[in-house]
1. Exactly one condition in (1) part of a loop (DSSP other than H, G, I, E, B); (2) within 20 Å of Asn18 (Cβ to Cβ); (3) at pLDDT 95 or above is not met by Thr109; state its number.
2. Give the stretch 89-105 a look and list any residue that's among the β-branched types (Val, Ile, Thr), more than 22 Å from Gly19 (Cβ to Cβ) and surrounded by 12 or more Cβ atoms within 10 Å (Cβ to Cβ), or say none.
3. If we only count helices (runs of 4 or more DSSP H) wholly inside the stretch 5-88, which ones have 2 or more residues that are modelled with pLDDT of 85 or more and surrounded by 15 or more Cβ atoms within 10 Å (Cβ to Cβ)?
4. Which pairs do you get when a residue that is over 13 Å from Ala49 (Cβ atoms) and of a type in the set (Gly, Ala, Ser), found in the stretch 85-101, comes within reach of a residue that is modelled with pLDDT of 85 or more and in a strand (DSSP E or B), reach meaning Cβ atoms under 6 angstrom, with the pair 6+ apart or on two chains?
Amino acid sequence: MILFHGTDIDSALDILNNGLDATKLRALQLNRPTQLGMGWYAACDAEVAWFFASLAPGNKGRGYTVIEIDIPENILQQLITSQFALRHTIANVPFGAQQYRFDVAAFVTLNAHAVFRPHTRQELSHD
């Protein structure tokens, strides 16, 4: 399954080059509101990821982007069964969409089995 994560350029490069890092995520999300608590969020739709990328705390003056995560279905199901991943409807946004929240306990599995890559399509213009 391909999911999408919107973030600032520096964070995207770090994920693409080094994988997910629980220590960095904890530092980033400390004292910041999240939908379902600390974790790494990935949208089911690229446009939703672009929306959240535009809000990324690190994008101020540096830009933002979307990365893809290609997770084998059986691995995603294992993470859901172990309660390290949860699919849910995104709250408090002006559109209906779904996303996954991955607990930091899922990072080792995601780094071992998922493929992280740049999203090749540009953000759609909303003019």
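1. With (1) part of a loop (DSSP other than H, G, I, E, B); (2) within 20 Å of Asn18 (Cβ to Cβ); (3) at pLDDT 95 or above applied to Thr109, the lone miss is (1).
2. Listed by number, the residues that qualify are Ile90, Val93.
3. Ranges flagged: 9-18, 46-53, 73-81.
4. Ala85/Tyr100; Ala85/Phe102
The values are calculated or read from the model by the stated rules, or taken from the named source; none is laboratory data. Everything numeric here is computed off the predicted structure, so don't read it as measured data. Cβ sites come from the backbone with ideal geometry, for glycine too, and all protein chains shown count toward neighbours.
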